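One structure is given here, and the rest of the page talks about it.
The values are calculated or read from the model by the stated rules, or taken from the named source; none is laboratory data. Keep in mind that this is a model prediction, so the values were computed, not measured. With ideal geometry, Cβ positions are generated from the backbone for all residues, glycine too; neighbour counts draw on all protein chains shown. These area figures cover heavy atoms from the full protein model, side chains too; ligands, DNA and RNA do not enter into them. Shrake-Rupley method; radii C 1.70, N 1.55, O 1.52, S 1.80 Å.
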Amino acid sequence: MKINAKGVHYQELNRKIRQAVAAGERDIRLDDVNSENAQDGVGNTMNAGKVIVRGDAGDILGYAMRGGKLFVRGNVGYRVGIHMKSYEDKQPVIVIGGGAGDFLGEYMAGGLIIVLGIDQLNGRSCVGNYVGTGMHGGTIYIRGEVQEYQVGKEVGIRDPTDEDMAAVEEHLREYCGDVRLKVKDLLKDHYTKLIPFSSRPYGNLYAY
């Protein structure tokens with residue numbers, strides 16, 4: 001189902017979306033949403049489903065999400081994936097085509113984030129600083145290099161294994177199909193894997 005959002009107030013747009021869901025619609029496309037850019041808080045506490053943004057998105061994308069997928073073709077703002085977590089058999093996934101601001105994956109407890117840095121790999125990183133601050137679960141993959149000063153003290157920088165890259169490729173094939181990119185162009189570069197050192201990074205602060 002397609003909904004033209006041009007000139008439509010967000011409250012009215014939300015009403016139309018809820019009506020469509022109540023009527024049984026499972027695939028809803030929103031056209032002409034603020035020049036194809038999504039605002040802050042997309043996917044807040046998301047539990048299932050998939051959101052595709054063929055433009056940019058704002059801050060706190062995927063806040064506390066515990067299932068479903070968020071695919072963004074362009075750039076995202078700050079604190080994306082904060083408090084993201086897995087829940088039972090659900091694993092949330094965020095794939096970002098452009099770059100991400102500071103505090104990516106802050107307090108991340110589970111799930112997967114992939115940042116591709118499309119059109120941004122001209123010698124500089126596609127992520128900001130404080131990546132994974134407080135991270136105690138989940139995995140972040142960055143296309144390109146990440147320096148130690150960019151990540152939180154709780155984060156380990158690793159080279160992905162072949163098994164890791166097979167999983168990344170699986171997600172990228174789905175992502176590229178949705179945002180109209182060629183997956184082979186994204187797999188020829190090196191990726192950096194970020195994982196937490198501990199499941200209780202601040203446990204020593206509270207232990208007696």
| field | Selection within segment 1-28 - surrounded by fewer than 11 Cβ atoms within 10 Å (Cβ to Cβ) and in contact with a strand residue (DSSP E or B) (Cβ under 6 Å, 6 or more places away or on another chain) | value | Lys2
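Please go through segment 114-141 and give me each residue that is surrounded by fewer than 19 Cβ atoms within 10 Å (Cβ to Cβ), polar (S, T, N, Q) and either modelled with pLDDT of 95 or more or in a strand (DSSP E or B) (or both), ordered by number.
Here is the first cut: in segment 114-141, the ones surrounded by fewer than 19 Cβ atoms within 10 Å (Cβ to Cβ) are 119-124, 128-129, 137.
Going one step further and asking which of them are polar (S, T, N, Q), we end up with 120, 122, 129.
Once the filter is applied, which keeps residues that are surrounded by fewer than 19 Cβ atoms within 10 Å (Cβ to Cβ), polar (S, T, N, Q) and either modelled with pLDDT of 95 or more or in a strand (DSSP E or B) (or both), segment 114-141 yields only Asn129.
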| query | Identify, please: which residue in segment 181-197 is touching a residue at least 60 places away in the same chain (Cβ under 8 Å) and part of a loop (DSSP other than H, G, I, E, B) and is, among those, surrounded by the fewest Cβ atoms within 10 Å (Cβ to Cβ)? | reply | Asp189
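Answer yes if at least one residue in segment 147-160 is part of a loop (DSSP other than H, G, I, E, B), at pLDDT 95 or above and open to solvent by 10 Å² or more (accessible area, probe 1.4 Å), and no otherwise.
yes
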| request: Report yes if some residue within segment 162-179 is of a type in the set (Val, Ile, Thr), modelled with pLDDT of 95 or more, in a helix (DSSP H, G or I) and open to solvent by less than 20 Å² (accessible area, probe 1.4 Å); otherwise report no. | output: yes
| field | Gly111 vs. criteria open to solvent by less than 10 Å² (accessible area, probe 1.4 Å), modelled with pLDDT of 95 or more, within 24 Å of Val179 (Cα to Cα) and in contact with a Pro (Cβ under 6 Å, 6 or more places away or on another chain) | value | yes
| message | Going by what's in this entry, would Met65 be described as surrounded by 15 or more Cβ atoms within 10 Å (Cβ to Cβ), touching a Pro at 6+ places or on another chain (Cβ under 6 Å) and not polar (S, T, N, Q)? | response | yes
| query | From Gly98, Gly74, Gly68, Gly105, which residue is under 21 Å from Gly156 (Cβ atoms) and touching a Gly at 6+ places or on another chain (Cβ under 9 Å)? | reply | Gly105
